[in-house]
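Engineer: Input: one structure, supplied below.
The values are calculated or read from the model by the stated rules, or taken from the named source; none is laboratory data. It should be emphasised that the depicted structure is a prediction, and the values quoted were computed from it without experimental measurement. We place every Cβ from the backbone using ideal geometry, glycine too, and count neighbours over all the protein chains shown. Ligands, DNA and RNA are stripped out before the accessible areas are found, and what is left, the full protein with its side chains, is counted by its heavy atoms. Shrake-Rupley method; radii C 1.70, N 1.55, O 1.52, S 1.80 Å.
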Amino acid sequence: SSLNEKYLAENEQLYKQFMDAMEEMKENGGGHLGVDSGFVVKTDTDSILSVGRYVVNTVGSSSTTFKYDTIDKQSEILISLFKDEGYVDVISENIKEQMIEQHEADETKLYWVKGIEQEGLMDLFEKISKEQNFYINSEGKLVISFDKYEVAPGYMGIQEFVIPTDIISEILVGNEYIK
């Protein structure tokens, strides 16, 4: 397997933390003071479970933040995908292309990205963060997720981009997860 010892140890630890957090969420069963939390299962196959844990804060205008975790059910580890930080630029460039293509196909789809000129003082999307939310969908594709207001106006909601596997195949830790 292409997973080294350090990676396994770290990711087993992360898996335990994830399981504890899920347990706590079930026990607390909902929120208070206009804060609601829960989870959404994005993918559940024989080998992979991708779960989005969310918090909705409805004080003032509502905002929802997601934190995705993807676990390897057989190895009981939390999955991380890339060999080094080179993935940040590769994926960011692809997302910018997708944003512009979507806008050209439908101009109501607005993104805060160079190439879609807009009035306003929004920071333009430059690149994903190293902590960027992702999950693996049931087709084995990498999906990058942005919270509401992160890269687009509020009416666009949560934004997700499926990344073509061929552009990241060189920089993946291994080919167990992404097809």
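Engineer: Give me, ordered by chain and number, the residues 5 or more places off I77 or on other chains with an amide H under 5 Å from its own placed amide H.
Structural biologist: Hits under the 5 Å cutoff: D72.
Engineer: Could you work out the percent of alpha carbon pairs in segment 57-116 separated by over 19 Å, rounded to a whole number?
Structural biologist: When all Cα pairs of segment 57-116 are counted, 62 percent exceed 19 Å.
Engineer: Between S138 and E10, 0.36 nm times their residue separation minus their Cα-Cα distance comes to what?
Structural biologist: 43.6 nm
Engineer: Quick check for you: which residues of segment 107-147 have the amide N under 13 Å from the point 7 Å beyond the Cα of S63 toward its beta carbon?
Structural biologist: 147
Engineer: For labels at K114 and S75 in the simple 7 Å Cα→Cβ model, what's the distance in nm?
Structural biologist: The two pseudo-label positions are separated by 3.6 nm.
Engineer: If a/c stays under 1.5 just call it rounded; otherwise compare a/b with b/c (prolate if a/b is bigger, oblate if not). Do that for the chain, with a ≥ b ≥ c from the square roots of the Cα gyration tensor eigenvalues.
Structural biologist: Oblate, because a/c is 1.5 or more while a/b does not exceed b/c.
Engineer: Answer with one residue from Q102, N137, M122: the one whose Cα lies farthest towards the positive end of the charge dipole of segment 91-157, charges on Cβ with Lys, Arg +1 and Asp, Glu -1.
Structural biologist: Ranked along the dipole, the leading option is N137.
Engineer: Could I ask something else about it? Per residue, how much accessible area does the chain have with a 1.4 Å probe, in Å²?
Structural biologist: 59 Å²
Engineer: Further question: Below 8 Å between Cα atoms, with a sequence gap of 6+, how large is the relative contact order for segment 44-179 in percent?
Structural biologist: It rounds to 23 percent for segment 44-179.
Engineer: Quote the FRET efficiency, to the nearest 0.05, computed for I167 versus V55 with a Förster distance R0 of 35 Å and r equal to the Cβ-Cβ distance.
Structural biologist: According to the calculation, E is roughly 0.65.
Engineer: Rounded, prolate or oblate: which fits segment 77-177, taking a ≥ b ≥ c as square roots of the Cα gyration tensor eigenvalues, rounded meaning a/c under 1.5, else prolate when a/b beats b/c?
Structural biologist: Since a/c reaches 1.5 and a/b is larger than b/c, the shape of segment 77-177 is classed as prolate.
Engineer: Between E160 and Q17, what is 0.36 nm times their sequence separation minus the Cα-Cα distance? Round to one decimal in nm.
Structural biologist: Gain on extension, E160 to Q17, equals 48.9 nm.
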